[in-house]
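Everything on this sheet refers to the single structure shown next.
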Amino acid sequence: MSDYHNRRTLIDTFNSANGLKKRGISIVPIKYYFGTCTHFDQGGALVHIYLDGSVLLSHGGIEMGQGLHTKMVQIVSRVFQIPIDRIFINDTSSDKVPNAFSTSASHSSDLYGMAVLDLARL
């Protein structure tokens, strides 16, 4: 894998032989839960419905050109039976929808879409 111990030995040897120039190494452990731990797969959404009939939608996904915002607007439009020009998307922010799941591997449309659908059906 990372061959950390061998690299650490090489760095220690280099550092002991050089007085002014030094090298270092670091490790950052990461664990992804894609498909292995489904109870972490939770999406969140916040929907504000105003007296003028407009809707403000916040969700935890990040729009990266994959059409995520468009899909969320379409879900709200169909459930509330209102035109899409009455629905506005708020920027993704953890003060609106905390503990958002990663926007990757096609999870966002499913997770946040179902969160928006569940919320809109209340």
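Bear in mind that the values in this text are calculations on the coordinates, not laboratory data. Remember, it's a predicted structure, so these values are computed and weren't measured experimentally. Here the Cβ is made from the backbone with ideal geometry for all residues, glycine too, and neighbour counts use every protein chain on show.
Note on the chain: with a GNM built from Cα contacts shorter than 10 Å, the maximum mean-square fluctuation among 53, 67, 19 falls on 19. In plain terms, the chain is cut at each of the trypsin sites (Lys or Arg not before Pro) found in a DSSP loop with at most 12 other Cβ atoms within 10 Å, and the longest leftover piece is 32-120. Highest GNM mean-square fluctuation among 88, 14, 101, for the chain modelled with Cα contacts below 10 Å: 14.
To two decimal places, what compactness ratio does the chain give when its Cα radius of gyration is scaled by 2.2 N^0.38 Å?
1.67
Taking 59, 48, 69 as the candidate residues, the one with maximal mean-square fluctuation in a Gaussian network model of the chain, Cα springs under 10 Å, is 48.
Counting only Cβ charges, +1 for Lys and Arg and -1 for Asp and Glu, the dipole size of the chain around its Cα centre is about 580 debye. The residues neighbouring residue 86, those whose beta-carbon lies less than 14 Å from its own, together hold a net charge of -1 under the Lys/Arg +1, Asp/Glu -1 convention.
The angle between the Cα long axis of helix 4-17 and the main principal axis of the chain comes to about 50°, on a 0 to 90 degree scale.
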